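My questions will all concern the structure given below.
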Amino acid sequence: MPKESLSSLTEPMYYVLLALTEPLCGTEIMEKVRVLSHERLSIGPGTLYTMLAKFEDNGLIEPADHPSPGSGKRKNYLITEKGAWMLKAEYSRLKRQTEDGKDIMEALG
Amino acid sequence: MNKTKKEFLPFQFTDLAALNKHFEEKAASGLILRSFGPTAVCRYEECEPAKLRYNAVICPVSKSASPSISEEARGFIEFCEESGWNFVDHRNEVYVFCTEDASVPDIETDSRELIASVDRAASRSRFISLVLIGMSFANLCTSVLRFFGESPDLRPFSIGMVSGQAVLLLSALVILIWNVIRDRKWTAAMYSALDRGEPIPDPDPNVLKRRRLTALAGIILIAALLLGLITFALISSEPDIRCFIVSIMIAGVVFALLAVKIKNVKVGKGKKALLYFLAFLAFIAIGLVLFGIFGSVFGVFEETEAGAALGRSAEIFHLL
């Protein structure tokens, strides 16, 4: 796959990075994203496969040295320092957006 | 072993939504897809009617026009199978999966990526059609040039041949342009639906019917073009024309295969353009070498002036 640089995170990307704060394999990531988003978001394996390759190319995740117990021989991934930095930046951006709109939204009822 | 049934699939293979719908309807009527091989023929097995979900996707790591499954593509298949999808078969970069489980999410849930991947695959497929049309156009030009040098007795026959070729070529071009416009409109409509926050709409049955017809017409025309070229080569009274057409056709196939390979090479635009240029030179060289070989075998160079001129060039390339 050609290398594509990531300047911002989409909603599914944000949740996948959130999920990868612990080592997980593909199916576990899909399940955790569903749980984290309170079943609002589901990611298909094709979408996840492309996303993981993109994240790995950009150094946001790496193969995990210590796989999760339930993953068997499947490849596990874990967020890198760069990935964690990007996740924090996205979290701050979303938080600022919410705070900026807070007063207006409260006034609207 | 249950009975099997074959079906000529009159869809463009990049019409993923249409493929999914078609295979689901077949499964509901008791025909389960077993093979979706390199030809346009699908093989089904007669079973109990089943409520199956199908997902045809463009494999993100597959090389286009590759009949085999690469190691990377195998990894993609395993990844999808672990999440509950069963791999059925593939044709080039289109991989078909099925599942009975209604709770398993679709393989491609990023609608923008899905549209972009279909668009990329359709462009690759159009490129191959364009190469075929280009070859037929070259052949038509040769026929027109020959027409002016022919004796008046042969002209009525040649007018028929040239007109037939021109009509076929024009029809193929019209269908190609029609498909390009239709695909562009489809892509724009899909993106606009996503911009409005709506999901990708299911294909309307009438649109599917029209797509089947245009795809079928396209396949028939391409087959007719190839058949026309071969027939023309076989019945042509001039041996040099016969040798020339066959040489150009073989060289054209080599060029098309090289072009597909080059398209997948991960290099800059400049290097890619150079590779295309080298492939084009190879096309001319292979064409001339083959023409030289065929010409020597059938002794055409002594018979006509044009043959002699082309033969001299071919012999030079052959020596080189």
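List the lysines whose Cα sits under 25 Å from the Cα of B:LYS261, skipping any in the same chain fewer than 8 residues away.
Once the sequence-local lysines are set aside, what remains near B:LYS261 is A:LYS3, A:LYS54, B:LYS63, B:LYS269, B:LYS271, B:LYS272.
So, R0 is 30 Å and r is the distance between the beta-carbons of A:THR10 and B:LYS51; what FRET efficiency does that work out to, to 0.05?
After rounding, the FRET efficiency stands at 0.40.
Can you list the residues, at least 5 places off or on another chain, whose amide H is less than 5 Å from the amide H of A:ALA64, using H built in the peptide plane?
Amide H neighbours of A:ALA64, under 5 Å, 5+ apart: A:ASN76, A:TYR77, A:LEU78.
Quickly work out the A:GLU22-to-A:LEU36 label distance, labels modelled 7 Å from Cα along the C-beta direction, and quote it in nm with one decimal.
1.2 nm
So what is the calculated 222 nm ellipticity per residue for chain A, using -39500 (n - 2.57) for each DSSP H run with n of 4 or more, over all residues, to the nearest 500 deg cm²/dmol?
-18500 deg cm²/dmol
Something else now. Please work out the FRET efficiency for the pair B:SER171 and B:ALA116, using the Cβ-Cβ distance as r and a Förster radius of 45 Å; give the result to the nearest 0.05.
Between B:SER171 and B:ALA116 the formula returns 0.90.
Note the full-extension length gain between B:LYS6 and B:GLU100 as 0.36 nm times their separation in residues minus their Cα-Cα distance, in nm to one decimal.
Numbers: separation 94, 0.36 × 94 = 33.84 nm, distance 2.27 nm.
Length gained between B:LYS6 and B:GLU100: 31.6 nm.
Then there is this: Go through segment A:26-69 and name the trypsin sites (Lys or Arg not before Pro) that are in a DSSP coil and have 11 or fewer other Cβ atoms within 10 Å of their Cβ.
On the way: sites: A:LYS32, A:ARG34, A:ARG40, A:LYS54; in loops: A:ARG40.
Taking segment A:26-69 and a limit of 11 other Cβ atoms within 10 Å, the loop trypsin sites (Lys or Arg not before Pro) found are A:ARG40.
Size of the dipole of chain A about the Cα centre, Lys and Arg at +1 and Asp and Glu at -1 on the beta carbon, nothing else charged, in debye to 20?
That gives chain A a dipole magnitude of about 200 debye.
Where a number appears in this text, it was derived from the coordinates with a stated rule and is not lab data. Keep in mind it's a predicted model, so treat the numbers as computed, not measured. Quick reminder, even Gly has a Cβ in these numbers, built from the backbone with ideal geometry, and neighbours come from all protein chains shown.
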